[in-house]
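A.B. asks: What follows is a single structure, and I will ask about it in a moment.
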Amino acid sequence: MVVSTAPCRREGEGGQPRPTLYMRGITKVFPGVIALKRVDFELRRGEIHGLLGENGAGKTTLMKILCGIYSPDEGEVYIDGRRVEITSPRDAFRHGIVMVNQYPRLVDELTVAENIALSLSGLSPLSRVSRVRGEIERIAERYGFSIDPDAPAWRLSFSERQRVEIIKALILNARILIFDEPTTLLTGRERRALYDFMRKAAGEGRSVVLITHKLSEALEVTDRITVLRRGEVKATLETRRTSYSELIALMFGGRLEKAVTEASRKRSGDGVALVVRNLYVTNDLGVVAVRGASFEVRKGEVLGIAGIAGNGQVELAEAIAGIRRPLRGEVRVNGVDIFRAEASVRRRLVGYVPDRVTQAVVLDMPIYENVLLRLLDRYQHGRWGIIDYPGVKDLSMKLIERFKIYAGSPEVSAGHLSGGNLQKLVLAREIASEPSLMVIVNPARALDHVSSELVYSAIEEYRGRGGAVLLISEDLEEIYRLSDRVGVIHDGVVTILGDRSSVTVEEVEECMAGGGGG
């Protein structure tokens, strides 16, 4: 609803156009966390604007306010100089504001066209699908997209799912497109294609917001950059007039330092921790996703498995963690058959950090209770099962401090943490449980530089104490940073290539694409 005129720059003042969007004095407080403090943000027509900041800086929260998902405690939003109230995603759509989510949400049982048709209104379902088919063809020709409108969503790769979200936004005639960490799961070619789309969209007069923690990405594709630190704007800069080092200083305030030097590669344990033999696993639709996997991980070793998303990584990780039953095959940790062991035994043997960390926490519960879920055996005492809550809270506070989790206390609800801080919490909790084996999927995805170093050092320290790690990641730099041996998963088949020092990145990339291997 329009209620007043914005106190922002008039057309032509200072040689710049009046902003398409102006957010003034935005403040948002969650219990125990000040997410945003009097934030001002402006977006011009036809620009790509980077929103940078470490995990928990407030980037996604600010954009969720713009999209009507959160309501600000203070502040105002202006579009084309007019103040508006955005209280729901429907309000945002009416103003042409659409967010392409970090993890696109589609109905797997529906086709591409049917998923897009769900977002349209005012037409019968058949008319909507018919219209969408025509729109997909038009958009594909205009932007160089290639996607089958009749393909079921469950068959789509991550980049194809993202493309569906973009097509949906264009059909909704979005004038402000928000991308939240969009390149996390993309290959180099897919990233370049997305950057090309952003430039085309901006060239047509649309405004693009790129939420990212990747400084090189922001410097490559944006026109301007706003840096947030702990909920406050530190600067808004012309991209061509800033530098990597200046952005680092603004993001971290001089706190950038490696937590530890890279750990010694000498193994600190003897014997085999994990044995996987002839493992076949199906996905949720009953399709075989892992085919005949066989490998071992020794104590004090990191085995890194690289692969493009959707090649069976999730099913492999869940089976080894003991939470997905295989079709056949064997998984043993310290000689114990994981599928026949009691749940309490599995918890002692295997720590699991999944790809989607929201699956590993209860968002409505405070941090200390989420820690307790994993460590109940340690903190429940006596015949009456009395729980040592002070001990749990003390450990939780130590984890918060060590992993720099942006939370004032262990009483803060997990649901009020950013995705990156949730990721650190789950890893910290799992390592604190001192299992024999850690199964870790994409541990530093969407983490800023400082947080990534903290996570990597924690994994290296765990390994140094004799822990075994199965690292599954789409990030080759991560694989080569942490792994002793390297393998690849492609189309459900796991191929172990050898010691990290003897396997080239080119060999790994070839296997990831379905060639090579041995």
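The values are calculated or read from the model by the stated rules, or taken from the named source; none is laboratory data. Since we're looking at a predicted model, the values are computed, not measured. Every residue, glycine among them, receives a Cβ derived from its backbone with ideal geometry; neighbour counts consider all protein chains shown.
A.B. asks: Taking the stretch 159-193 on its own, how many of its residues are more than 26 Å from Arg90 (Cα to Cα) and hydrophobic (A, V, I, L, M, F, W, C)?
C.D. replies: Residues flagged as more than 26 Å from Arg90 (Cα to Cα) and hydrophobic (A, V, I, L, M, F, W, C) within the stretch 159-193 amount to 3.
A.B. asks: Restricted to the stretch 285-300, and to residues that are of a type in the set (Gly, Ala, Ser) and not in a strand (DSSP E or B), which residue is farthest from Trp154 (Cα to Cα)?
C.D. replies: Gly300
A.B. asks: Report the residue count in the stretch 148-190 for those that are under 29 Å from Asp284 (Cβ atoms), within 19 Å of the chain's Cα centre (by Cα) and buried (at least 18 other Cβ atoms within 10 Å of the Cβ).
C.D. replies: The number of residues fulfilling the criteria is 20.
A.B. asks: Which of the residues that make up the stretch 468-518 are at positive phi and in contact with an Asp or Glu (Cβ under 6 Å, 6 or more places away or on another chain)?
C.D. replies: Gly516
A.B. asks: Name the single residue that is nearest to the chain's Cα centre (by Cα) among those in the stretch 323-363 being within 17 Å of Val272 (Cβ to Cβ) and assigned to a strand (DSSP E or B).
C.D. replies: Taking the candidates together, the pick is Val350.
A.B. asks: Among the residues of the stretch 464-477, write down those that are crowded, with 19+ Cβ neighbours inside 10 Å and either over 24 Å from the mean Cα position of the chain (by Cα) or over 19 Å from Val353 (Cβ atoms) (or both).
C.D. replies: Gly467, Ala468
A.B. asks: Do you know which residues across the stretch 144-180 are modelled with pLDDT under 85 and on the phi > 0 side of the Ramachandran plot?
C.D. replies: Gly144
A.B. asks: Additional query: Here are the criteria: (1) at negative phi; (2) at pLDDT 90 or above. Tell me which single one Gln380 does not satisfy.
C.D. replies: Failing condition for Gln380: (2).
A.B. asks: Return the only residue of Val345, Val336, Val362, Val357 being closer than 24 Å to Thr61 by Cα and surrounded by fewer than 21 Cβ atoms within 10 Å (Cβ to Cβ).
C.D. replies: Criteria check complete, one pass: Val362.
A.B. asks: Sticking with this structure for a sec: List the number of the failed condition for Arg142; all other conditions in (1) within 30 Å of Ala218 (Cα to Cα); (2) surrounded by 14 or more Cβ atoms within 10 Å (Cβ to Cβ) hold.
C.D. replies: Of (1) within 30 Å of Ala218 (Cα to Cα); (2) surrounded by 14 or more Cβ atoms within 10 Å (Cβ to Cβ), only one is false for Arg142: (2).
Residues are listed down the side, and each one gets a yes or a no for (1) crowded, with 16+ Cβ neighbours inside 10 Å; (2) of a type outside the set (A, V, I, L, M, F, W, C):
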| position | (1), (2) |
| --- | --- |
| Ile86 | yes, no |
| Ile97 | yes, no |
| Arg131 | yes, yes |
| Ser146 | no, yes |
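A.B. asks: Now a separate question. Just name the residue that is surrounded by the fewest Cβ atoms within 10 Å (Cβ to Cβ) out of those in the stretch 1-34 that are closer than 30 Å to Leu363 by Cα and modelled with pLDDT under 90.
C.D. replies: Pro31
A.B. asks: How many residues are in a strand (DSSP E or B) and either of a type in the set (Asp, Glu) or in contact with a Leu (Cβ under 9 Å, 6 or more places away or on another chain) (or both) if we restrict to the stretch 31-63? Quick ask: steps written out before the conclusion?
C.D. replies: Quick first cut of the stretch 31-63, residues in a strand (DSSP E or B) only: 33-43, 48-52.
Now narrow it down to the ones that are either of a type in the set (Asp, Glu) or in contact with a Leu (Cβ under 9 Å, 6 or more places away or on another chain) (or both): 33, 35-36, 39-43, 48-52.
Final tally of qualifying residues: 13.
A.B. asks: Any chance you could count how many residues in the stretch 225-238 are of a type in the set (Ser, Thr, Tyr) and crowded, with 18+ Cβ neighbours inside 10 Å?
C.D. replies: The number of residues fulfilling the criteria is 1.
A.B. asks: Which of the residues belonging to the stretch 478-492 are surrounded by 22 or more Cβ atoms within 10 Å (Cβ to Cβ), farther than 18 Å from Ser457 by Cα and under 22 Å from the mean Cα position of the chain (by Cα)?
C.D. replies: If the condition is that a residue be surrounded by 22 or more Cβ atoms within 10 Å (Cβ to Cβ), farther than 18 Å from Ser457 by Cα and under 22 Å from the mean Cα position of the chain (by Cα), then Val488, Ile489 are the ones that fit.
A.B. asks: Another question, then. If you go through the stretch 422-438 one residue at a time, do you hit one that is closer than 30 Å to Lys64 by Cα, of a type in the set (Lys, Arg) and assigned by the TED database to the domain that holds Val331?
C.D. replies: Within the stretch 422-438 (the criterion being closer than 30 Å to Lys64 by Cα, of a type in the set (Lys, Arg) and assigned by the TED database to the domain that holds Val331), the answer is yes, since at least one residue qualifies.
A.B. asks: Of all residues in the stretch 380-435, count the ones that are among the basic types (Lys, Arg) and crowded, with 16+ Cβ neighbours inside 10 Å.
C.D. replies: Adding up the residues that qualify gives 4.
A.B. asks: Please list, ordered by first then second residue, the pairs with beta carbon atoms under 7 Å, 6 or more apart or interchain, first in the stretch 330-351 and within 20 Å of Ser294 (Cβ to Cβ), second among the basic types (Lys, Arg).
C.D. replies: The qualifying pairs are Glu330/Arg277; Ile338/Arg332; Ile338/Arg346; Phe339/Arg325.
A.B. asks: Output yes when any residue across the stretch 426-438 is touching a Leu at 6+ places or on another chain (Cβ under 8 Å), touching a residue at least 12 places away in the same chain (Cβ under 8 Å), among the basic types (Lys, Arg) and at positive phi, and no when none is.
C.D. replies: No, the stretch 426-438 contains no residue that is touching a Leu at 6+ places or on another chain (Cβ under 8 Å), touching a residue at least 12 places away in the same chain (Cβ under 8 Å), among the basic types (Lys, Arg) and at positive phi.
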